[in-house]
Amino acid sequence: SGVMSLLRPLLLDVVPTIQQTAALALGRLANYNDDLAEAVVKGDILPQLVCSLSEQNRFYKKAAAFVLRAVGKHSPQLAQAIVQCGALEMLVICLEDFDPGVKEAASWALGYIARHNSELSQAVVDAGAVPLLVLCIQEPEIALKRIAASTLSDISKHSPELAQTVVDAGAIAHLAQMILNPDAKLKRQVLSALSQIAKHSVDLAELVVEAEIFPVVLTCLKDSDEYIKKNGATLIREIAKHTPELSQLIVNAGGVAAVIDCIGSCRGTVRLPGIMMLGYVAAHSENLSMAVIVSKGIPPLCACLIEEHEDHIKAAAAWALGQVGRHTPEHARAVAVANVLPTLLAMYMDTRSSEDLQMKATLKNILQKCTYLPALEPLLHDAPPNIMKHIVGQFSKVLPHDSKARRLFVTTGGLKKVQEIKAEPGSLLQEYINTINNCYPEEIVR
């Protein structure tokens, strides 16, 4: 109905309440979808908003910042339009406003611009927002703290360099102090911001750890709020993935046991960061993998495989079990005894499984180390050729040296099954079968 062109002159009305209401109307329209936000940009409304931002009262500033946020949230292109009309400088000036509501509105708009990509995030940094945002998280108003922490998280996530600017402004110490804040929404944002800093590099992760977040952060894994659990586990995962030393530090703080409890007590995507954290810890070394086994980490990972419906969660659990089992026969046995190999094999062979799940569910890592034959035996009957060679290979390693296993292999029908396998002459599989057959008198083989 041509409302944009009617609202635009009202932004310059002599009556302040008319200005504010017009801005609010534009903001709500732009918030609705990207076409309307596009219309606000095309209608040349932004320059008008920006030029009157500095001299107007706090109500108008809040309404104008709301319009900028509503336009900027939809796409990088729309956010770029806001940067081009010189709005960042004005928003940064608003961060120094006396009124906490104005600071909050400005911080929110900056966060929505920064979250799209590293170029936009860099523009927010260059406008001088970071030190002021770090001041905002120290203000008494909880709503302002939340949104400033969220904006710091959005700035840090894109690259190590951007995260470093947030760190250089002294953000880590203030964020770490707020992990125990009773406000749930603030806790979520704080944990998210620390994760986005820690994920980029060993140095950044170490700086986060040095702010003494352990063992405090482990209390978040017991929180009643699902997002706090998830973000807490994500933070621990982002630290654990970098080095064996950082993983060891988490183990020493009781982090592995806490994450295992957390996985056991929740369902769905909340489990995902915890599952991956266990995989990262176990991947680093034999000892760290043993720490996961000793803390009883295998049963909840197996439970995730069976209980979860989403392929990506199953794939993460399969991958983590592979990392636990791939080190030595002892590690592989711990996984095999949990009777999870048939489940993994079924997922690997299920045509409905996603490609990623099929890739993660291949038992190769575990099979190449597993010498616990009772767990391998059931697989002989179902495995496809590419997995069969690993299973038969393990039998060919163990049977020549273990008479009890040799007897058992005949009575359970394993040897019979091996005779039915069609192997290419001269292939590795054929060699393994020959090795097994050579353990027995010829009449038994026949």
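Here are some notes:
- Once all protein chains are placed together, Lys417 keeps about 40 Å² accessible to a 1.4 angstrom probe.
- The distance separating the Cα centre of segment 368-446 from that of segment 117-149 comes to 63 Å.
- Mean separation of Cα contacts under 8 Å, 6 or more apart, over the residue count of segment 334-406: relative contact order %: 30 percent
- Between the amide H of Gln368 and any residue lying 5 or more places away or on another chain, no distance stays under 5 Å, with hydrogens modeled in the peptide plane.
- Heavy-atom accessible area with a 1.4 Å probe sorts Asp311, Asp168, largest first, into Asp168, Asp311.
- Centre separation in Å (Cα based) which lies between segment 1-41 and segment 45-90: 12 Å
- Accessible surface, the chain, averaged per residue in Å² (probe 1.4 Å): 44 Å²
- Alpha-carbon centroid distance for the pair segment 202-219 / segment 170-187, whole angstrom: 12 Å
- For a straight C-alpha distance cut-off of 17 angstrom, the aspartates and glutamates reachable from Lys185 (same-chain residues fewer than eight places away being disregarded) are Glu104, Glu139, Glu141, Asp154, Asp223, Asp225, Glu226.
- For segment 138-149, the Karplus equation 6.51 cos²θ - 1.76 cosθ + 1.60, evaluated at θ = phi - 60°, returns couplings of 9, 5, x, 5, 5, 5, 5, 4, 4, 6, 5, 5 Hz by residue, with Gly and Pro reported as x.
- Phi angles of segment 11-25 translate, via the Karplus equation with coefficients 6.51, -1.76, 1.60 and θ = phi - 60°, into HN-Hα couplings of 5, 10, 5, 6, 8, x, 5, 5, 4, 4, 5, 5, 4, 4, 4 Hz per residue; Gly and Pro are given as x.
- Residue-count net charge about Ala240 - beta-carbon cut-off 14 Å; Lys, Arg +1, Asp, Glu -1: 0
- For Rg and Dmax of the Cα atoms in Å, calculated from these coordinates, the label among (1) 22.6, 72; (2) 21.7, 69; (3) 29.3, 106: (3)
- Peptides ranked, highest mean first, by Cβ atoms within 10 Å: ranges 398-409, 200-211: 200-211, 398-409
- Candidates Gly255, Gly72, Pro9 compared by Cα position along the dipole of the chain: farthest toward the positive end lies Gly255, with charges placed on Cβ.
- Segment 96-204 shape via C-alpha gyration tensor axes, a/c threshold 1.5: oblate
- Choice from Lys416, Lys364, Lys241 with maximal GNM fluctuation in the chain (Cα, 10 Å cutoff): Lys416
- Taking a ≥ b ≥ c as the square roots of the eigenvalues of the Cα gyration tensor, an a/c ratio of 1.5 or more together with a/b no larger than b/c marks segment 27-70 as oblate.
- Extension gain, Thr411 back to Tyr440 (0.36 nm per residue minus Cα-Cα distance, nm): 9.1 nm
- In segment 270-366, taking the dipole from charged Cβ atoms about the Cα centre, the farthest positive-side position among Val270, Leu321, His331 is held by His331.
- Portion, in percent, of the accessible area of the chain that falls on carbon or sulfur, probe 1.4 Å: 53 percent
- In straight-distance terms, cross-link reach from Lys422 covers every one of the lysines whose alpha-carbon lies under 27 Å from its own, apart from those fewer than eight places away in the same chain; here that gives Lys360, Lys364, Lys369, Lys389, Lys397, Lys404.
- Using the average count of surrounding beta-carbon atoms within 10 Å as a protection proxy, the listed peptides 100-113, 44-57, 316-329 rank, highest first, as 100-113, 316-329, 44-57.
- Taking all protein chains together and rolling a 1.4 Å probe, Met90 ends up with roughly 40 Å² accessible.
- Residue-wise HN-Hα coupling along segment 191-197, computed from phi with Karplus coefficients 6.51, -1.76, 1.60 (Hz; x: Gly, Pro): 5, 5, 4, 5, 5, 5, 6
- Prolate/oblate/rounded call for segment 379-445, Cα gyration tensor, a/c under 1.5 rounded: prolate
- Segments 145-152, 60-67, 226-233, 343-350 sorted - mean Cβ within 10 Å per residue, highest first: 145-152, 60-67, 226-233, 343-350
- Each stretch of four or more DSSP H residues adds -39500 (n - 2.57); spread over every residue of the chain, this sum gives -21000 deg cm²/dmol at 222 nm.
The values are calculated or read from the model by the stated rules, or taken from the named source; none is laboratory data. These figures come from a predicted structure and were not determined experimentally. Using ideal geometry, Cβ is built from the backbone for each residue, glycine included, and neighbour counts are taken over all protein chains shown. Surface areas here come from the heavy atoms of the whole protein model, side chains and all, with no ligands, DNA or RNA. Shrake-Rupley method; radii C 1.70, N 1.55, O 1.52, S 1.80 Å.
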